[in-house]
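Q: My structure is below; once you've seen it, I'll send some questions.
Bear in mind these aren't lab numbers, they're just calculated from the coordinates by the rules spelled out. Fair warning: this is a prediction, and the values are worked out from it, not measured in the lab. Counting neighbours? That spans all protein chains shown, and the Cβs are built from the backbone with ideal geometry, glycine included.
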Amino acid sequence: MPSTTTSEQELCPLDGGSPTIICSVPWPGKLIMSPPFYGDLGKNARDVFGKGYHFGLLKLDVKTKTQTGVEFNSGGVSNQETGKVFGNLETKYKFKEYGITFTEKWNTDNVLATEISLTDFCEGAKLSCDTSFVPHSGDKTLRLKAEFKNDTCALNLDSDFKKGGPLLKAGAVLGYAGWLCGASTTFDTSKSKLTQNNFSMGLSTKEFILNTSINDGRIFTGSIYHKVSPKLETAVQLSWASDNNDTDFGIGCKYNLDNDSSLRLKVNNQSQIGIGYAQKLREGVTLSLSAQLDGKNFNEGGHKIGLCLELEA
């Protein structure tokens, strides 16, 4: 259960006499924290199930930063089933005095992308422009994004410009004393209709996060994240679709063996078992191994393994 911090003490008299007992009174203000954007609701629980697992993949990530402040991120992924290899390169430079970040991306599908973001012009606000171009086909995309965040709300608006009219995506999350309430919607201007409507409610503290949501009135999801101790994190995820009555359920955990190694484990209602182990070999070098076991067909094979090497300098 989440722990509460006592910030006030109240003297409680017995039988109308002088105060003799000190009663701890939890102060709800300690639960207040800046709410996340709608897309980040339940992220802690998703990270327990997603991060550190690379089933069926061989992956390499390299990060470095020059003395002038230019950041380089590159990587490659090899799919063991299809044999397809995918690579990407990203450069990022920040003009801190102007609050501008310039990012360029390229991948082996020959997609060129550029993002320019502006911050610091207003506290809690961010504006960005994201474009992409595919030279061999001539396909182009343009997205404008606006975000605002403070101690009580997180708002975002995205405009994805496409043929026929832009696609508008809006989200809002309000927070009070740890309680969160959010909604998001997508409006297709080419069809003049709402194509997506989501609603979410939850509770967030430092050690415990509860999130529930309804997507398009038919998919009901919930997640619980609990940081049991500095070494152990646990999570539960549940989803149910009303149109086909499908139910998905999973539990997962992450345990830090020491400062340089961690163990992950997850299982779902389809008897799929995921195991992950990460070891920091030296400063800036981390090796991750993972495996997915099919509990229903344990002797028939079909299991997947993965490996990821992360380099940072």
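Q: Before rounding to the nearest 500, sum -39500 (n - 2.57) across all DSSP H runs of length at least 4 in the chain and divide by the residue total; then give [θ] at 222 nm in deg cm²/dmol.
A: -500 deg cm²/dmol
Q: Given the options ALA146, THR108, ALA183, identify the residue whose Cα lies farthest towards the positive end of the charge dipole of the chain (+1 on Cβ of Lys, Arg; -1 on Cβ of Asp, Glu).
A: THR108
Q: Give, in nm to one decimal, the length gained when the segment between GLU283 and LYS191 is fully stretched (0.36 nm per residue of separation minus the Cα-Cα distance).
A: In short, 27.8 nm is gained.
Q: Something else: Using a cut-off of 13 Å between alpha-carbon atoms, which aspartates and glutamates can reach LYS126, once sequence neighbours fewer than 8 places away in the same chain are excluded?
A: Answer for LYS126, where 13 Å is the Cα cut-off: GLU115, GLU147, ASP158, listed by chain and number.
Q: Now for a different question. When the gyration tensor of region 108-162 is built from Cα positions, what are the square roots of 5 times its three eigenvalues, in whole Å, from largest to smallest? Don't skip to the end; give the middle numbers.
A: Details: eigenvalues 168, 23, 13 Å².
Ellipsoid semi-axes (Å, largest first): 29, 11, 8.
Q: Give me the Debye-computed log₁₀ of I(q)/I(0) at q = 0.10, 0.17 Å⁻¹ for region 197-305, equal point scatterers on Cα only, no solvent, two decimals.
A: Debye output, listed in q order: -0.41, -0.98.
Q: Compute the Cα gyration tensor for region 255-313, then decide on rounded, prolate or oblate, letting a ≥ b ≥ c be the square roots of its eigenvalues: rounded whenever a/c is under 1.5, prolate when a/b is larger than b/c in the other cases, and oblate in all that remain.
A: Prolate shape, in that a/c is at least 1.5 and a/b is the bigger ratio.
Q: List, in the order given, every pair from LYS59/LYS227; LYS92/LYS140; LYS59/LYS296; LYS254/LYS304; LYS92/LYS191 whose Cα-Cα distance in the structure shown is over 30 Å.
A: Pairs exceeding the cut-off: LYS92/LYS191.
Q: Could I ask something else about it? Quick one: Debye curve from the C-alpha atoms of region 72-170, no solvent, what's log10 I(q)/I(0) at q = 0.11, 0.13 Å⁻¹?
A: -0.46, -0.63
Q: For LYS296 and LYS65 in one chain, what is 0.36 nm times their gap in residues minus the Cα-Cα distance, to one decimal in nm?
A: Length difference between fully extended and current span is 78.6 nm.
Q: Run the numbers for ASN107 and TRP179: contour at 0.36 nm per residue of separation, minus the present Cα-Cα distance, in nm.
A: 21.9 nm
Q: Once the Cα gyration tensor of the chain is found, what semi-axes does its equivalent ellipsoid get, as square roots of 5 times the eigenvalues, in whole Å, sorted largest first?
A: Ellipsoid semi-axes (Å, largest first): 37, 29, 24.
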